[in-house]
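See structure below.
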Amino acid sequence: MTLEQILNELHRAWVNEKKSPTLLDAKPDIVECVLEQIKEMENNIQSQNEFSLKINIHQLEVERIRFVLTSYLRSRLEKLQKHFGYFLRQHEAGITTKLSIKELQFAQTISTDTYDHLDQSALKHMPAVIKSIDLLSKVPPPNLEKYVFASVKESVDNLIVDPETDDKVADAIDMKAGEQYLIRYKLIESLVDNGQVHLV
Amino acid sequence: MFGEKGLELIQDFHRNRDGTLGPYNEEKVRQVLEEIQALVEANQKDVSRAVKQTSSRTDMAAIEVRHFGMVRNQRCLMAYLYNRLQKIRTLRWEFGSVIPTDIKSNMSEMEGQWFMKYNRSLAFYMGSLGENGLDLTQNIKPPDSLLIEVRCLEERGEMQLDNGSTILLKKNSIHFLPRSQCESLIREGVLEHIT
């Protein structure tokens, strides 16, 4: 993939991750690619060794790419730290694409450390009846009902907006490419992962 | 009434929520734990009476009320401890891996240990990204220029830059430095960005 394509993908992943209330699929290959590119660009710059405007512009570009990458990883880490119970249980239930291996390790360490702290500070002094708690289910899950702005990339037909109940038929909409919607995140969760819909 | 001390703990935390961490209220935590213990013991007496079938309906109601009191106290304690941990976590991202001593004195011993463990796991994660690791606490704002003008607020003596040259950080001296090296010092408060 060319540098431009990689950067476009990173940019797209960054915006989607920032606007989404939950974690999207982990993209470790994009992260690896971008890190390698940054290293190559820095090596190129170092080997030049004269102070020209071109070098400055390249350096600024490297800084900007580094910012986008760190911001992407930071927003993932923030969501992971806030809702680690939900994501760890999701992983145990079999949905393994959301967390990279390192992120999974990090989440597990956080989970054990937090439980140990609660145990040491209070739980171990409590009577046997309430001595342990299920930390993973107590940690608040992400708010999937949040409204997000979405821009449709590929047409989607028959998206169920309201499920069928006894009173009425299921309410469905057709989304054409290029349209923009303000819609509950839960309805388009799988579409964002597929790339059919972008968050704005 | 049961659960009052638990509520006071939560109110304590709520009052301090905008600033940095408030002091760890060891005394109140202990009192809440004692209350839980007292409730359990009272309940055990009643339950043993129920087993012998010498209890009345009021006793069963009392057992339920005490149980809910216990659970509520536990919930208040968990909320207090957990939210303090969240606060400490934000402090790590603000101040870096060394927290100023006046805030540190507000943390309990176990919170200090949790902070060290968090530092370790965060450093491990950041170090595993790419070859040399990627410091996620840098580059918080998008860069719009390579070099920035900073004024030094404290005496720090000499500092070495990445390109080998050294600069002398005297109070009120103005320097024109690359952004990446200033960022952590600006966050610490040693340098001030002149706009």
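The values are calculated or read from the model by the stated rules, or taken from the named source; none is laboratory data. Worth saying up front: this structure is predicted, and the values here are computed from it rather than measured. Neighbour counts are summed over all protein chains in view; Cβ atoms, including those assigned to glycine, are modelled from backbone coordinates with ideal geometry. SASA here: full protein model, heavy atoms, side chains in, ligands and nucleic acids out. Shrake-Rupley method; radii C 1.70, N 1.55, O 1.52, S 1.80 Å.
Details
- Straightening the chain between residue B:1 and residue B:15 buys 2.8 nm, computed as 0.36 nm per residue apart minus the Cα-Cα spacing.
- Segment A:20-142 - percent of accessible surface contributed by carbon and sulfur, probe 1.4 Å: 52
- Extension gain, residue B:120-residue B:195: 0.36 nm per intervening residue step, less the Cα-Cα distance, totals 23.4 nm.
- Most mobile of B:108, B:173, B:56 in a GNM of chain B (Cα contacts under 10 Å): B:56
- Springs between Cα atoms under 10 Å define the GNM used for chain A, and in it the highest mean-square fluctuation of A:122, A:26, A:93 occurs at A:122.
- Using alpha-carbon coordinates, inclination of helix B:179-188 to the longest axis of chain B, degrees: 40
- Of B:12, B:144, B:59, the one that fluctuates the most in a GNM where chain B has Cα springs shorter than 10 Å: B:144
- Distance (nanometres) between label positions extended 7 Å along Cα→Cβ at residue B:180 and residue A:131: 5.3
- In chain B, Cα pairs under 8 Å separated by at least six residues give a relative contact order of 18 percent.
- Gyration tensor (alpha-carbon) shape descriptor, chain A, a/c threshold 1.5: oblate
- Set A:146/B:87; B:28/B:117; A:19/A:138; A:82/A:186; A:102/B:141 screened for pairs whose C-alpha atoms are more than 21 Å apart: A:146/B:87; B:28/B:117; A:19/A:138; A:102/B:141
- Under 13 Å from residue A:124, Cα to Cα: aspartates and glutamates that are on another chain or at least 8 residues apart: A:116, B:34
- Here the sum of -39500 (n - 2.57) over DSSP H runs of 4 or more residues, divided by the residues of chain B, equals -19000 deg cm²/dmol at 222 nm, to the nearest 500.
- Percentage relative contact order, segment A:1-131, counting C-alpha pairs under 8 Å, at least six apart: 29
- Modelled FRET efficiency - R0 30 Å, residue B:83 with residue B:141, Cβ distances, 0.05 increments: 0.65
- Report summary: the helix-based calculation at 222 nm, which adds -39500 (n - 2.57) for every DSSP H run with n ≥ 4 and divides by the residues of chain A, gives -18500 deg cm²/dmol.
- For residue A:195, the shell of other residues with beta-carbons less than 11 Å away shows a net charge of -2, using +1 for Lys and Arg and -1 for Asp and Glu.
- Loop-exposed GluC sites (Glu not before Pro) per DSSP, neighbour cap 10 Cβ within 10 angstrom, longest uninterrupted part of chain A: A:51-144
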